[in-house]
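Novice: The following block contains the structure, expressed as structure tokens.
The values are calculated or read from the model by the stated rules, or taken from the named source; none is laboratory data. Computed from a prediction, not measured in an experiment: that's the story for all the values here. Cβ placement follows ideal geometry from the backbone for every residue including glycine, while neighbour counts extend to all protein chains displayed.
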Amino acid sequence: MNQKTIISTFLLSFGLMFGTAQVSHAQAESSNKFPQIEQPLSLKLLVTLGGLGLIGAEVWWFVFSKTKSQQAQTHQGVQELDIIVDGGYAPDRIVVNLGQPVRLNFFRQDPSSCLEQVLFPDFHQAADLVLNQTTTVEFTPQKSGSYTFHCGMNMFRGVVEVQNTEDRADRDISQVNHNSHIPAVRELAEPEALSAQLHQGIQEMDIKVERGYEPARIIVQAGLPVRLNFFRQDPNNCLGKVLLPDFNIKADLPLNQAISLEFTPHQPGEYRFTCGMEMFHGIVEVRESGTASQQNRGEKVITHDRN
């Protein structure tokens with residue numbers, strides 16, 4: 001229990017004690033007017049035990065009760081889950097993976113004004129929930145842990161539990177090795193790296209924008225101009241912009257149109273490009289000049305037909 005809860009409990013207990021003392025004092029003053037009715041000891045004990053039971057049930061409900069968690073399902077690269085808003089949130093404990101976009105679809109059935117809004121303080125998200133309509137909240141968790149979301153009056157709450165998939169995979173592999181004594185190998189899927197094709201002194205690559213970027217990893221040489229041709233086919237608003245922060249580039253991507261971005265990288269390294277909400281990512285890998293080194297590594301080269 002946190003410090004704020006302890007202080008609130010202390011103040012509440014003090015208020016109850018003070019109120020009881022005032023009532024006892026008032027009863028003493030009015031005893032000469034009304035005869036005092038002595039209650040049986042068994043009745044007093046029953047009332048006391050009933051009150052303690054209610055207090056214990058309330059403490060268990062708000063502090064110790066833990067509902068069953070539900071794992072978000074990955075669909076087109078986004079972890080997604082539907083949540084019914086009716087007297088609270090169902091489910092109210094959602095498990096997601098670290099570093100992957102999350103989309104929570106809230107469907108509000110409860111007319112209570114308290115549930116008109118949902119807030120995710122740790123992700124700086126707040127949304128109005130229209131009655132009998134679905135409202136979507138999207139974010140990408142970058143750190144594992146438990147994050148609370150709640151209604152506008154902080155009366156109803158839920159938890160987003162962010163898990164590190166690599167740590168969980170390591171635990172699963174350790175369990176397999178312990179049970180079967182068979183070595184296990186975990187392979188991490190990475191996007192295929194494609195090298196841009198040099199044409200008239202410019203390194204060029206076509207990138208399809210649909211549920212992300214294809215290819216999502218482009219290899220270029222340092223010191224030569226680069227032209228990336230983005231063709232957006234996905235109506236998702238998040239993909240309406242593309243940003244290359246290391247090259248100070250930000251561009252709108254109209255639907256079903258080709259947009260070219262040009263820059264010249266001078267330093268080898270990996271440079272990220274993202275959508276407007278940083279939900280989808282790609283990498284421009286800049287290497288030292290020399291096509292021979294690329295051929296030796298066996299990277300796939302995209303050839304553009306300019307005839």
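Novice: What residue, of 189, 193, 184, 258, is surrounded by 14 or more Cβ atoms within 10 Å (Cβ to Cβ) and modelled with pLDDT under 95?
Specialist: From the options 189, 193, 184, 258, the qualifying one is 193.
Novice: Please work out which residue is modelled with the lowest pLDDT, limiting yourself to segment 261-294 and to residues that are of a type in the set (Gly, Ala, Ser) and either assigned to a loop (DSSP other than H, G, I, E, B) or more than 15 Å from residue 208 (Cβ to Cβ) (or both).
Specialist: 292
Novice: Answer yes if at least one residue in segment 227-247 is closer than 17 Å to residue 193 by Cβ and either assigned by TED's automatic domain parsing to the domain that holds residue 136 or outside any helix (DSSP H, G or I) (or both), and no otherwise.
Specialist: yes
Novice: When you look at residue 68, is it over 10 Å from the mean Cα position of the chain (by Cα) and modelled with pLDDT under 95, yes or no? I'd like the intermediate steps shown before the answer.
Specialist: Details: over 10 Å from the mean Cα position of the chain (by Cα): yes; modelled with pLDDT under 95: yes.
Judged against the criteria, residue 68 is a match.
Novice: Say we look at segment 208-237 and pick out the residues that are at positive phi and small (Gly, Ala, Ser); which of these is surrounded by the fewest Cβ atoms within 10 Å (Cβ to Cβ)?
Specialist: 223
Novice: OK, next. Only one of (1) at pLDDT 95 or above; (2) under 27 Å from residue 99 (Cβ atoms); (3) surrounded by fewer than 18 Cβ atoms within 10 Å (Cβ to Cβ) fails for residue 245. Which number is that?
Specialist: (1)
Novice: Please find, among 100, 142, the residue that is in contact (Cβ under 8 Å) with a residue 24 or more places away in the chain, buried (at least 16 other Cβ atoms within 10 Å of the Cβ) and part of a loop (DSSP other than H, G, I, E, B). Give the steps one after another, and end with the answer.
Specialist: Values: 142 fails: buried (at least 16 other Cβ atoms within 10 Å of the Cβ).
Testing whether each residue is in contact (Cβ under 8 Å) with a residue 24 or more places away in the chain, buried (at least 16 other Cβ atoms within 10 Å of the Cβ) and part of a loop (DSSP other than H, G, I, E, B) leaves just 100.
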